[in-house]
Every structure is written in C-alpha cells, then in structure tokens.
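A short write-up of the structure that comes next.
The values are calculated or read from the model by the stated rules, or taken from the named source; none is laboratory data. Since we're looking at a predicted model, the values are computed, not measured. Cβ placement follows ideal geometry from the backbone for every residue including glycine, while neighbour counts extend to all protein chains displayed.
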Amino acid sequence: MMLQRLALMFCAALLPGTALAARDCAAPAAVCEARGDGGLALIERGTPLPVLVDAGDFTAVQRAAQALRDDLAAVAGSPAADAADPPMAVIAGTLGHSARIDRIVREGQVDTTGVAGTWEAYLLQVVDNPEPGIDRALLVVGADRRGTAFGLYELSRRIGVSPWIWWADVPPPVRPTLHVAPGRFVDAPKVRYRGIFINDEEPALGGWIRATYGGPNHQFYERVFQLLLRHKANYLWPAMWQPRAFYDDDPRNAEMADEYGVVIGTSHHEPMMRAHDEWDRYGKGPWDYTKNAATLQRFWRGGIERLQGREAVATLGMRGDGDEAMTEGTATALLERIVADQRRIIADATGKPAEATPQVWALYKEVQDYYDAGMRVPDDVTLLFADDNWGNIRRLPDPASRRAGGYGVYYHFDYVGGPRNYKWLNTTQVERSWEQMRLAWAHGVERLWVVNVGDIKPMELPISAFLDQAWDPDAADLAWIEGYPAAWAAEQFGPEHAKDIGEILTRYTQYNARRKPELISPDTWSLVHEREAERVLAGWNALVGRTLLLGAKIPASQRDAWYQLVEYPVLASANLNHLHVAVGRNRLYAAQGRASANAWADKARELFARDAELQRVYEHEIAGGKWTSMMSQPRIGYTHWQSPERNLLPALATVDVPEKGVTGVAIEGDARRWPVPLASARLPVLDPVAAPTREVVVFNGGRQPIGFTASTRTPWLKVSPASGEVVDTQALDIRVDWAALPEGEHEGRIHIRGKDWTEVTVVVPVHKPPAHRGARGFVEGNGVVAIEAQHHAQAVAPADGQWQVVPNLGRTLSGVTAWPATGAPATPGGDGARLEYPLVMDHDGEVEVRVVLSPTLDIRHRGGLRYALSIDDESPQVVRMRLDPTPGDPDFRAWEAAVIDNAHAATSRHRVRAGANTLKLWLVDPGLVFQRIEVVRRPLPPTTLGPPESTRR
C-alpha cells in the first residue's frame, strides 16, 4: 500500500500512456495528467483551481492551504484565476472548525467514517455540487488541524512537489494539465508522534543559520516546520547545542510552532521543556537534585508554565550536566523521586492531572540501566527506547506488553561521541534504519519515533524514508524498501532516470556505511592484502563515472538539487577514500624507498585541495550561494573521537631520491622492500580457484630508469616481461601451467636482478587442490571459502515465517534475516529453520567458521543473540553474539569494533571432510541479520572487508 501511495505521488510525472500511469491514475484521488472518467481538472491549460478554506479554521490549515496554492501555481505556471464564485475548487477544512465542510457533511455528500475522531486523519474526495455556485470540488477533510494540513500537503506531493522543494532546491515539475481521479481516499498515521531532532549543528548548520537568519529564530524554524509537515510529520526536538534554547532565543519560535501545528519536545537530557543552555542562563547553583532541588523545581516549573496550553511532549527524568550520567552508580530511588516531583509540577502548573500532558522518559545510555534494574514510571508516560547512537536499537519491549503511554524509539543518523563523531555526510543505509524500525514497530513501538538528523542536510534521503515509514509501518514492507530509493529519486528528479539515480544513492550509502568517512584512515583499506584498496577504489570510480555520465543528462533546472542530493556526496566520498589511500601509498612507498612516494604525496595534496573545491561549489556556486557553511564539518584529520577544528591533511612522508636508478621489489602480502638481509621473499600461496596469480612489482628508487631481468628455472612457472627498464614501477605477470602440475603442494622461484646488481629471489608456493569431481558448491581456495549469505542453496523457513533478503544491507552484498522477528527462540536441529550452503573442501580437517552479521543488539535483554551452526550431520553448535555499548562492560570492546566496521564476526570451530559438505546456519534468536560466511583453515590476512566471495561450482 505505501509503495503504491508513493507511486501515486509521482504519477503526475510519469510518462502518459504507460501501464503504470494508467493503473495509478485509476486509484482514488490519484493525480495524473490524463483525464479519467469522473476526474476533476486540478490544473487546466496552465490555470489551477482555487483553494478555499474558511477564515475560522485553524492557522495551521490556513498556512497549509497557502502552501498548496503556491505549489499549484508553481506547477501550473500561473496562480488560480481570481473569481469570487469559482465553478470548481479545492475545498479544505477541519471537522467541527469549518462551517462549509460541516454543512457538506450534514448534507450527506461525504462520508467521514475513518476520519472523524481519528488522530490526524484526512479524506480526499471529488464531489459534485458541494455548495451553491460550485459544480465540482475536491474535498480535503481533516479530523483535526494537522489532519487537514496533511491532506493538503499530501495533495502537494501528488502534483509532484517534493518535500525538499526548499531544503534541497528541488524544482516543481511544470504540468499545464493535471486531473484528480474520483473515489474516496482516507489516510491516517499509525505512529502518533513522528519527527526529527536537530543536533550537533556546529559548525555547519549553525554557521548557515547565522549567515542566513542571524540566529535560530522563527524564520529558521518556519522552514523546519514546513519540511516536517510536507513529510506529514508532527514532532520536533529543536536545536540545543550551546548557546541555543528554542523558547528563549525567540518567543516567536513557540508561537510559530503552534501556528503550524508542530508538537515540540525537548531532547533526552533536557527535562520539563527546558533547553540545557537555559540552566547556564538562569540557573543558580549546581545541576544536582540532591543539593539544589528547590532551585531545579522552580526552573522546571517555568518550562511547563510557558507552554500556555500549546501542544508539547515533556521529557522527564534527569541526566548530568552536559549530557552526562547523573551519578556514577544507578541511583534508582533518586531518579524515581525526581520523576514524581516533576509530575507534581506538571499537574500544578497546568491545573490538570499529570497524565493529561504527554510525557516521555528517554532510556538513553546509562538511563537504560535504571530500566533494566527495575525502575518504572507511571503507565501514561511514554518509554522512549534508544539506539546505541550508531543505528542499532538497544532494547525493545515485549510485543505483548501494553501501556497507556506507549513506547517510542530515539534513533540516530548523526552522532558526536565515541568511538568517533560522524556528522559530515549521510552514512545511514535506509535499508538498515528500515530494518531496525521495522523491528521496533513489530515489538509495539507505536507512540513516538524521533531521529537525530544533525544538520538536516545532507540527510535528505534517510529523513524521508524514516518519516514515510513512520506514517504507515505496516505498509512499509520489504517491497517498499526495495523500491524506495528509486521512488524517492523520482520524486526529486522525475521518472526518466529514477532507477539509475536510486541505484547511485543506494551504492554510495552502502559504501559509506562500510566505514564512516570520519573513521577512514590511510590504513583502512589494505594495500598489500587481497588487493582491497584497488577493489574499493574501483567501486568508487565506477560510481563516480555513472554519476557524472548521468549528471550530464540532468536538466539545468535540476542541477542545484542534483549536486546536493547526488553528485556532491558521491564525488566527495570517493575523493576522501582516494585521499586516504594516496596517503597510505605515500607512507608505504616511502618506507620501501620508492621514488614514487613523493608523487603520491603530491597526489594526496591534490585530493585534499579537491575536497575543499567540492565544498566551495556546494556552499558558494549552487543555488546562488544559498548553502554557505553547510559542508564545513571537518572530516579529515581525526586523531581521536572528537573532530579536529578544521580539515587537516594527514602527515606525509618525503623520500630523498638519488639521481641513479635503484632496483627494489615489492610482493603481495608483505609491506617490506626487497631484498631484505637474511630473509627470503615469499608470496602468499597461489591457488587455481582463489588466487591464480599474485602481485610482484619491480620499482625504482631513483630518478634515472633502471634495467632489470626476471627469470625462473621452474618449468611450470612463467614470468613476464623477462626484462625491461623501470621508470616508476613494473608489475610482473606470473602464471602457472596448472595442467603440468599434479595435485598437492609445490614451490617455484623467480629470480629478479637489477642493473645495479640488486638480486631478489621470490619463492612462489603453489597449491593445486584435488578435483573432487561431481562435488557442487562453494569451492575452497587457498584455505578459505567465502559466501554471501544471500547465496544459500536452500532456505527452510521458520514456522509461520520466512527468510528475507534485505537488499544492500551488507558491506559486500546484502543481509538475510528471519521474519517475523517477534517469536520465541527456535531450537536448532531436525527440520528447523535454517539456511544451507554447499561447500567443496580440499581435505579433511578443522576449520573456523566466521559468520559476519550486522551489529544487532540484544533487544530483549536475554544475554545476547544466538544462532547455531553445523556442518553435515554434526549437532548444531550454538553461538552467542554479545555486544554492549556500556563503557566498562566486558562486551564493550566488541561493540566498539562492531560499530566501527558496521559488522561483527562471530566464530565457531568445526570439522570438514574432503569434497562435498553442507554448512547449515540455524535460526535461534530472531532479529539477527546475516551478511556473509567465511570458512577458514588459517588466519585471514588483515583486511577490512574480508576475502572476495569464492567460486561456486
């Protein structure tokens, strides 16, 4: 349903005459260019219908109606005709607050079933003769003020106006003719409060706000409220980094929120509607309830009193000053006392029972310890669970539990803290946030979804996905998330290139999620093992090529949006990876004495300057310089968790290059320069399946070219070229005549001699595995079998469930998970739920099996999440994944490594036999996401992504 609704939003932009357009245009209240039977012309010959709203309706409705008028005029190319009694119109109003809508309802012209009395519900329907003088009208009927506003903003999306029209300069499509289909469309949200948290907003958003508005005033927040409502969201935690205080900075901020109908809350550590910075402004004494309770109570009372009846959700509890823990221990009695006192203040200040004011208790960081220790708050308070700041939800309720205040989740697309800040670009895969929030919804989290979005930009894609999912999580199924990037791209750029754009967006976020840009360093991608750096950069290069090729086809009117949403994040991310690899090469080559080390230093400086140039274009060229400061978040030069004050080029090495040529040799798998005294150069094993060739490079350590020869006396080993001159480097092509070798272990040698009398002998170990004719499966190569979890041969589904492939939710391919994820743990064995993978192993022996998983946390607090593994007929071996983001916990280091890598490898040991084997991955605890499996006989070389997938016979 939700994917269909997204398609309806975009059908105005679809090419007329297609089957998709015809199907969508028949849906109730669909908006398309083609006129269908019984349809109403929203725009005809470049003139839109007027939008009529009673003067007595809510200000929020008036503002939404004006936004729709502006959107219609932008799409049509001209405003509505000025007519006192138009023959056709859009008529919008709120039940009980619009006389004309109430009259139409009383006369029986529209059925309000499913709307009246339903939170934020609305109805779209074409009716005939709604009132004297109007022949036909599209009615937008809301149950409350936001319901009507959402109906109007939904209509804006259906005519092709993106929610990012202002925030990403997405131009509305020009459509001189649009029709709305007949039929009754009713909609309402499933999650009550849906919103964002502006946070960590210095230097980027903060600098932009100062340059654009002079400060965080109502002019800035008006733009935020519009963005929220266009996404049919209703909730905001305002910016709070010092020195910001929503209510105190500009009294019009709160008034404007009420005029738009946006519900204001305060963040997890700002109780009682008070911004943290207000304590610095007006507080007296310590932020310590054991020493200063009376002053704190007066301070909190002021926060509740100034609401003046406006909608809000009050945060309860107390953390330490500066978003820290309140005490070293878990002071449950103290926190229970604080909550009880806060609720008395709420009741006294509002003159109503405390439960009449929505409240939330945020179980963030150490506050979750209170909950785990048994602390409880009154049933009307919403329990707000949190992720680990890295997109992995820490705890969820029992799906069968219910409370009057319901449950919520506080999620992150941005974070300042350990193991490192991530603030610059979007690194959140919509597939991961969808998967985690789907878990939350399945466990009954229906009251409040709020996400930390940092500077808002450049989190456009995940913000849209999060808020669209929150509107109707039931409709946001697997097909929905599979199609979301392309559907979102169509909303911004039209349908012509939407699939290709969606793929670019998907791939760049997958690449950035492997290791967040702030965590990348010169040694992240290995330069000596598995050719990892080359593979990573090849992926980025291909993506850059696709982006630039497609960008040349984007109309000039869309170039500003294209640069913000697609081109800058791809080019800047690729450039940063190239920069760190260049620095890594400079350091490695300097250590090896290569003359080219200095050239790589120059390349690193060039890439560093390129980063600044890409930022300059974003901030000063596109959109007429509208986004000054917005990409100023430092991302290069981290030395610990906090960002540097500005981008800093990593330290580079310089080589004093002699005039004469100097011969050196580098071999795969070894960072040393050869020759090495009293040591033999030895390549990693060559294998016809996994490594039919290895890299040997002859390089020059001087300025003048140097001659060399390369030879072998091993008859089955070939090396070329046999001689030549090296200016910089010369890679040697090493080949094995596999047909000339029997099965087993062999050794050859390559002799390299430079004209400066340098001599290096490279030992070439070779393994020719048994043929195992007839065996089918993933074939062992060089002691390793690597398998993407998606590539199972058989999937035995759990009872009343299924195995699902979540596309792209993996560092190298995708993720596989069992759904639904709310059942009891399964017992492995027999005909239980499992994934099967056929293996072809060289010989009998013991292996380690590494299962790479997404870093899902123990959401039900059961001591870790489990799966089981067996090979052939052995009993399943249960493996437990324990990750805990609490500093000092025994599993903290495992968690820290897992969020750095965005993956965790759990291990078990098993015996295999030569030839065909079957690896079985058994379901135990639901909620795990499997990415890949690695069966290894030997320690793997140190890489970030692991070995490439094995050959499948």
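For region 540-562, does any single residue satisfy the condition of being among the charged types (D, E, K, R) and either within 30 Å of Leu652 (Cβ to Cβ) or in the same structural domain as Val696 (by TED's automatic domain parsing) (or both)?
Of region 540-562, the ones among the charged types (D, E, K, R) are 546, 553, 559-560.
Imposing the further condition that a residue be either within 30 Å of Leu652 (Cβ to Cβ) or in the same structural domain as Val696 (by TED's automatic domain parsing) (or both) reduces the set to none.
Checked region 540-562: no residue is among the charged types (D, E, K, R) and either within 30 Å of Leu652 (Cβ to Cβ) or in the same structural domain as Val696 (by TED's automatic domain parsing) (or both).
When you check Leu732 against the structure, is it part of a strand (DSSP E or B) and out of contact with any helix residue (DSSP H, G or I) (no Cβ under 9 Å at 6 or more places or on another chain), yes or no? The answer is yes for Leu732.
Exactly one of (1) aliphatic (A, V, I, L, M); (2) surrounded by fewer than 21 Cβ atoms within 10 Å (Cβ to Cβ); (3) at pLDDT below 95 is unmet by Val367. Its number? Among (1) aliphatic (A, V, I, L, M); (2) surrounded by fewer than 21 Cβ atoms within 10 Å (Cβ to Cβ); (3) at pLDDT below 95, Val367 violates only (2).
Does any residue of region 157-167 turn out to be part of a helix (DSSP H, G or I), under 29 Å from the mean Cα position of the chain (by Cα), within 17 Å of Ile43 (Cα to Cα) and touching a residue at least 12 places away in the same chain (Cβ under 8 Å)? Explain how you work it out, then say what you get.
As a first pass, look at region 157-167 and keep what is part of a helix (DSSP H, G or I): 157-158.
After this cut, where a residue has to be under 29 Å from the mean Cα position of the chain (by Cα) as well, the list is 157-158.
With within 17 Å of Ile43 (Cα to Cα) added as a condition, the list becomes 157-158.
Now narrow it down to the ones that are touching a residue at least 12 places away in the same chain (Cβ under 8 Å): 157-158.
Looking for residues that are part of a helix (DSSP H, G or I), under 29 Å from the mean Cα position of the chain (by Cα), within 17 Å of Ile43 (Cα to Cα) and touching a residue at least 12 places away in the same chain (Cβ under 8 Å), one finds at least one in region 157-167, hence yes.
Screening the candidates Arg635, Arg672, Arg646 for the property of being under 30 Å from Val760 (Cα atoms) and assigned to a loop (DSSP other than H, G, I, E, B) yields one hit, Arg672.
What number of residues within region 920-953 are out of contact with any Pro (no Cβ under 8 Å at 6 or more places or on another chain) and within 20 Å of Trp803 (Cβ to Cβ)? Don't jump to the end; show me each part of the working.
Start the filter on region 920-953 by keeping residues that are out of contact with any Pro (no Cβ under 8 Å at 6 or more places or on another chain), which leaves 921, 927-933, 935-939, 942-953.
With within 20 Å of Trp803 (Cβ to Cβ) added as a condition, the list becomes 921, 927-933, 949, 952.
Matching residues across region 920-953 total 10.
Quick one: count up the residues across region 353-376 that are among the β-branched types (Val, Ile, Thr) and either touching a Cys at 6+ places or on another chain (Cβ under 7 Å) or under 18 Å from Arg192 (Cβ atoms) (or both). Within region 353-376, residues that are among the β-branched types (Val, Ile, Thr) and either touching a Cys at 6+ places or on another chain (Cβ under 7 Å) or under 18 Å from Arg192 (Cβ atoms) (or both) number 2.
In region 112-146, what residues are assigned to a loop (DSSP other than H, G, I, E, B) and touching a His at 6+ places or on another chain (Cβ under 9 Å)? Give the steps one after another, and end with the answer.
Kept after step one, since they are assigned to a loop (DSSP other than H, G, I, E, B), are these residues of region 112-146: 112-121, 132-133, 143-144.
Correct list: Asp144 only.
Residue-level check: of (1) on the phi > 0 side of the Ramachandran plot; (2) over 15 Å from the mean Cα position of the chain (by Cα); (3) buried (at least 23 other Cβ atoms within 10 Å of the Cβ), Gly417 misses just (3). Is it true that some residue in region 888-898 is surrounded by fewer than 21 Cβ atoms within 10 Å (Cβ to Cβ), in a strand (DSSP E or B) and at positive phi? Within region 888-898, none of the residues are surrounded by fewer than 21 Cβ atoms within 10 Å (Cβ to Cβ), in a strand (DSSP E or B) and at positive phi.
On the given criteria, is Glu874 crowded, with 17+ Cβ neighbours inside 10 Å and either among the aromatic types (Phe, Trp, Tyr) or touching a strand residue (DSSP E or B) at 6+ places or on another chain (Cβ under 8 Å) (or both)?
Against the criterion (crowded, with 17+ Cβ neighbours inside 10 Å and either among the aromatic types (Phe, Trp, Tyr) or touching a strand residue (DSSP E or B) at 6+ places or on another chain (Cβ under 8 Å) (or both)), Glu874 does not qualify.
The residue pairs whose first member lies in region 599-616 and is touching a residue at least 12 places away in the same chain (Cβ under 8 Å) and within 13 Å of Arg587 (Cα to Cα), whose second member is assigned to a helix (DSSP H, G or I) and of a type in the set (A, V, I, L, M), and whose beta carbons are closer than 7 Å, counting only pairs six or more residues apart or on different chains, are Trp600/Ala582; Lys603/Ala582; Ala604/Leu579; Ala604/Ala582; Ala604/Val583.
For region 393-420, the set of residues classified as within 18 Å of Glu446 (Cα to Cα), touching a helix residue (DSSP H, G or I) at 6+ places or on another chain (Cβ under 7 Å) and either acidic (Asp, Glu) or part of a loop (DSSP other than H, G, I, E, B) (or both) consists of Arg394, Arg395, Leu396, Pro399, listed by residue number. Please count how many residues of region 725-748 are over 27 Å from Ala595 (Cβ atoms) and charged (D, E, K, R). Of the residues in region 725-748, 5 are over 27 Å from Ala595 (Cβ atoms) and charged (D, E, K, R).
Determine which member of the set Val180, Val170, Val161, Val191 is touching a Ser or Thr at 6+ places or on another chain (Cβ under 9 Å) and either modelled with pLDDT under 95 or on the phi < 0 side of the Ramachandran plot (or both).
Working: Val180 fails: touching a Ser or Thr at 6+ places or on another chain (Cβ under 9 Å); Val161 fails: touching a Ser or Thr at 6+ places or on another chain (Cβ under 9 Å); Val191 fails: touching a Ser or Thr at 6+ places or on another chain (Cβ under 9 Å).
Unique residue meeting the criteria: Val170.
Applying the set (1) outside any helix (DSSP H, G or I); (2) assigned by TED's automatic domain parsing to the domain that holds Val544; (3) under 19 Å from Leu425 (Cβ atoms) to Pro495 leaves exactly one unmet item: (3). For region 65-96, taking the residues that are touching a Ser or Thr at 6+ places or on another chain (Cβ under 7 Å), among the small types (Gly, Ala, Ser) and in contact (Cβ under 8 Å) with a residue 40 or more places away in the chain, the one that is surrounded by the most Cβ atoms within 10 Å (Cβ to Cβ) is identified as Ala92. Return yes or no: is Val727 surrounded by fewer than 16 Cβ atoms within 10 Å (Cβ to Cβ), within 18 Å of His751 (Cβ to Cβ) and either of a type in the set (Val, Ile, Thr) or in contact with a Pro (Cβ under 6 Å, 6 or more places away or on another chain) (or both)? Here the answer is no, as Val727 does not meet what is asked.
Could you tell me which of the residues Ser950, Ser875, Ser908 is in a strand (DSSP E or B) and small (Gly, Ala, Ser)?
One residue alone meets the criteria, Ser908.
Looking only at region 649-669, residues that are of a type in the set (Ser, Thr, Tyr) and part of a loop (DSSP other than H, G, I, E, B) come to 1 in all. Among the candidates Ala561, Ala595, the residue that is part of a helix (DSSP H, G or I), of a type in the set (A, V, I, L, M), crowded, with 19+ Cβ neighbours inside 10 Å and touching a residue at least 60 places away in the same chain (Cβ under 8 Å) is uniquely Ala561. Looking only at region 352-369, decide whether some residue is in contact with a helix residue (DSSP H, G or I) (Cβ under 6 Å, 6 or more places away or on another chain) and touching a residue at least 60 places away in the same chain (Cβ under 8 Å). Checking region 352-369: not a single residue is in contact with a helix residue (DSSP H, G or I) (Cβ under 6 Å, 6 or more places away or on another chain) and touching a residue at least 60 places away in the same chain (Cβ under 8 Å).
What about Asp800, is it crowded, with 21+ Cβ neighbours inside 10 Å and among the acidic types (Asp, Glu)? Break it down stepwise before answering.
Working: crowded, with 21+ Cβ neighbours inside 10 Å: no; among the acidic types (Asp, Glu): yes.
The answer is no for Asp800.
Taking Arg447, is it at pLDDT 95 or above, of a type in the set (Lys, Arg) and out of contact with any helix residue (DSSP H, G or I) (no Cβ under 8 Å at 6 or more places or on another chain)?
So Arg447 fits the description; yes.
Within region 506-525, not a single residue is more than 29 Å from Arg420 (Cα to Cα) and outside the structural domain of Glu460 (by TED's automatic domain parsing).
Just to be sure, is Arg866 out of contact with any helix residue (DSSP H, G or I) (no Cβ under 7 Å at 6 or more places or on another chain), crowded, with 17+ Cβ neighbours inside 10 Å and not in a helix (DSSP H, G or I)?
When the stated conditions are applied, Arg866 passes them.
Any chance region 481-488 includes a residue that's within 29 Å of Lys190 (Cα to Cα), touching a Ser or Thr at 6+ places or on another chain (Cβ under 7 Å) and either in a helix (DSSP H, G or I) or of a type in the set (Asp, Glu) (or both)? Looking for residues that are within 29 Å of Lys190 (Cα to Cα), touching a Ser or Thr at 6+ places or on another chain (Cβ under 7 Å) and either in a helix (DSSP H, G or I) or of a type in the set (Asp, Glu) (or both), one finds at least one in region 481-488, hence yes.
Cβ separations smaller than 7 Å between residues 6+ apart or across chains give the following pairs from region 125-150 residues that are without any contact (Cβ under 8 Å) to a residue 24 or more places away in the chain to residues that are crowded, with 24+ Cβ neighbours inside 10 Å: Val127/Ala137; Val127/Leu139.
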